[in-house]
Amino acid sequence: MAETAWAPPTRIARGPSGRAKFYIGGLIIVAAIIYLIVSGVAQTAQFFLTVDELKAKGPEIIGRDVRVSGAVIGDSIQYDPKTLKLTFTVANVTNSNDEIARAGGLAEVLAQAVKDPNATRLQVEYIGPKPDLLRHEAQAIMTGRLREDGVFEAHELLLKCPTRYEEALPEQSSGE
Amino acid sequence: MIADLGLWATVLAFACAVYAVAASLYGARRKQPVWVESARNAVVAILPLLTLAALTIIASLVRSDFHLAYVVNTSNRAMPTFLKVTALWGGQNGSLLFWSWLMSAFAFGVMLRKWERDRELMPYVIAVTMITQAFFIGLVLFFANPFAKYWELPSGDIVSAALPPAGALPFRAAEGNGLNPLLRHPGMIAHPPMLYLGFVGFTVPYAFAIAALLTGGYRSEAWIRTTRRWTLAAWLFLSLGLLLGGRWAYDVLGWGGYWGWDPVENAAFLPWLTGTAFLHSVMIQEKRGMLKVWNMVLIILTYCLVILGTFITRTGVISSVHAFARSEIGVPFFIFVGAALVGSVALLISRLEGLKSENHLDALLSREAAFLLNNLLFMGITLAVFWGTFFPIFSELFTGTKITVGPPFYNRVTGPQFAALVLLMGVGPLIAWRRASAKALGRLLWLPTASALLLAVLLVLLGVSIPGAVVGFAIAEFTAATTLSEFWRGARARQRSSGEPFLTALSRLIGRNRRRYGGYLIHLGVVLIAVGVVGSHFFQKESQATLGRGESMSVAGYIFVYEGFREIPPKPGDDLVRDIATVGLYRDGRRLATLYPQREFYQATQETLTPPALYGGRMGLEDIYLLLVGWEQAGLASASFKVYINPLVNFIWLGGVVFILGTLVAAWPNPAEERLLTPAAERRLALGEV
């Protein structure tokens, strides 16, 4: 212990408690940080669900913030530019990349989903400008909550269209 | 074929890197300097080789050589020449080559500077930097080759490969896909090089740290002093990269903000956090010989996060385990980061004995304890950001359901910690080393504390009802006051003793103590950024509406009148269509400006971009951010707009400038310090004679 060599006498008596203070202080801060992270996750984590999974959750999911993805059914799109109210229906598509790959790619999966009369469907409501990419067979990723009446109220709307370029490219890593 | 020249130059560079690793280690082992000198020559040769390689890609891009897959993927004929040049880092494969090239430039610089002084360390510095270099060139050659060309097989299939497959004929695409429009903005052109320079730069202090561990150089603080400026340079570039990235997001992405806690942003932020912790905590080691192990841990972490960050920013695959597994470069990256982490930590553990602290903490109220708290907070933020970024992967691996966390998580968890850091930034520099007297500290702090409390009361009286905002502004005011008072007290003291005018005294004060006052300038920059973040986070207003010609909307006292619309067809040889709305901006019945929000449409790639029209309202104190989000082609002749009012956001950019200036001041060579670092001075230091 180098510190005892030059520390004043009173400090020797207080030595251990002096070290302990650091550990206690440090532990309190570490505990606070861990608490922040854990409670942060508990309160803000969002499930990323398919339409099937959302419907299967039942009433417990109503009012909770979740993300849902689905295939847009073109005929269902209604938009009022005056009020910016946008409604449309999506059909269930799988989230699993393996299944998508097996079914022949995202474009194929989306096309199948909108044709399939048995696919679970979900009505979506969104207030805001209509995105250009919102069209038949696009994949919509919506953040929002399920209402009591079964309509999904989205406050964020992302759209993905499988671009023709990725497919047109001769065997090429698509990370670009 | 000019790209073939580049390919072989890259192969040669790879051989040089591998040779340099072997020769430097052999030379160090056998104590034969001639091998180390030879390794050094190999390192120096890599820069011209990779320069040539990068130039051949640039030449192919400029000449639209669509035989090359990379050229097809990142450019098209319609792009202006300078964008074709920047397409070098517009895609994964090219940017890995670009990374390697920057790495070789840094290594080149290390080889030329002060070889004699660090003779002992150099073989291992070469080995570590060249292992990194070889890894990246290896990725370029074997996994993500920008020199790959299209070939038509006898079966009629088209493949891409660097060398022609048997019986294949060259295939040339008719037109390229073009650079992603998001990457055509000036901010995005400068942002990746800055970020990469920062990433690459941290390899240098890491290499010196590992070399110090391997040679016994860890017993002194020489490696820290040698790399201080390299670390600062890396940190400067990384900071600049982050700032430019934020500005780019603000100007281009059209969602009204500058930071979205996206995995790609986080990946660049993580090494900045650990790097900043490192910059602070090495000061304790320099001054008191403490925290030696911890500093090694920090630089190892920073290096690993840099490699991980490169991977994530390059591929964006964090959203899913599957995407990770599918990425061609995922597995090699994962192995490299894992090996670097395990190897470095094992080496560190084997050297623990020699890394004992020379001193102990004396008191809770001391500069050392403040630095410790600073480190704890930086690590807390790092942990939170890391956890949030990788949470989707963990949850998918362990529970099967993907669970994501968004900005609310990060704001909630890091917000209080950032606030504590800014507060600490105000107090820490005033606390004495070893043991501070509470009384003396109180004398320095009561005025800033009183003024901060006064500000808080004033804000509440003015109707600011958000607790986070009141606390945030008060803390920023407090730290600004204590930091400015340091400049004031120092300059006054100098003025009294030398009789210089105040401004002369102030500038000489800064000039003679660049590290200290450069650091304070950086702190002031952070305070300004904090003000901008608090203002724009808590007080952002947004509104949207669809307007017919002549109709108006009103937001926060501003009136927007939709006046006209026009479409600008592409210029000859270009593919960009602009749809521009004309909007009159009024306040208090006075016309302030005409705004032109627009939608850019790139015909070749069918991609759109919605850059905002910006106007600094109330003398620049709030930014008006107007977007054209849609329009009716016929009938109504209406257009939809979205408006954000972003208060104080300009403080972020202003703070960024101060921050960068402060870093330059702190990093500027100081003749007095240079003298201290001569070998003789170093020996005296080691012997404790100074």
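Gap in Å between the Cα centre of segment B:175-212 and the Cα centre of segment B:219-242?
17 Å
What Kirkwood hydrodynamic radius do you get for the protein assembly as shown when you take the inverse of the mean 1/r over all pairs of distinct Cα atoms, in Å? Numbers along the way, then the final one.
Values: mean 1/r = 0.0333 Å⁻¹.
Roughly 30.0 Å, rounded to one decimal.
Whole-Hz ³J(HN,Hα) for each residue in segment B:559-573, computed from phi via Karplus 6.51 cos²θ - 1.76 cosθ + 1.60 with θ = phi - 60°, x for glycine and proline: what do you get?
Working through the residues one at a time gives 10, 10, 10, 7, 10, x, 8, 8, 10, 9, x, x, 5, x, x Hz.
Looking at chain B, identify the longest residue range that excludes and avoids all GluC sites (Glu not before Pro) in DSSP loops having at most 12 other Cβ atoms within 10 Å. All intermediate terms of the calculation are to be shown ahead of the outcome.
Working: sites that count: B:116, B:358, B:689.
The answer is B:359-688.
Between residue B:632 and residue B:31, what length comes free when the chain is fully extended (0.36 nm per residue of separation minus the Cα-Cα distance, one decimal in nm)? It would help to have the intermediate numbers written out before the result.
Details: separation 601, 0.36 × 601 = 216.36 nm, distance 7.77 nm.
Residue separation times 0.36 nm, minus the Cα-Cα distance, leaves 208.6 nm.
List, in the order given, every pair from A:55/A:115; B:84/B:571; A:85/A:115; B:149/B:571 whose Cα-Cα distance in the structure shown is over 28 Å. Let's see the in-between values first.
On the way: A:55/A:115 20 Å; B:84/B:571 17 Å; A:85/A:115 26 Å; B:149/B:571 31 Å.
Checking Cα-Cα distances, B:149/B:571 exceed 28 Å.
How large, in Å, is chain B by the Kirkwood hydrodynamic radius built from its alpha-carbon pairs? It would help to have the intermediate numbers written out before the result.
On the way: mean 1/r = 0.0359 Å⁻¹.
For chain B, the Kirkwood estimate is 27.9 Å.
Which far-off residues, 5 or more places away or on another chain, put their amide H under 5 Å from the one on residue B:434, with H placed in the peptide plane?
The answer is B:367, B:368.
Which of the lysines could a cross-linker bridge to residue A:82, judged by Cα under 27 Å and excluding same-chain residues fewer than eight apart?
Counting by Cα, and skipping residues close in sequence, residue A:82 has these lysines nearby: A:130, A:160, B:541, B:642.
Checking the cross-link filter: which aspartates and glutamates have an alpha carbon closer than 19 Å to that of residue B:292, excluding same-chain neighbours under 8 positions apart?
Within reach: A:3, B:221, B:353, B:358, B:362, B:368, B:682.
Using alpha-carbon positions, what is the distance between the centroids of segment B:24-88 and segment B:451-507, in Å?
Comparing the Cα centres of segment B:24-88 and segment B:451-507, I get a distance of 49 Å.
Taking the Cα atoms of segment B:81-230, report the difference between the largest and smallest coordinate on each principal axis, in whole Å and largest first.
Answer, in whole Å and largest first: 64, 39, 20 Å.
Need the list of aspartates and glutamates near residue B:402 for cross-linking: C-alpha distance under 13 angstrom, and skip anything on the same chain fewer than eight residues off.
A:53
Read the figures in this text as sums done on the coordinates, not as results from a lab. These figures come from a predicted structure and were not determined experimentally. Cβ: placed from backbone, ideal geometry, glycine included. Neighbour counts: every protein chain shown.
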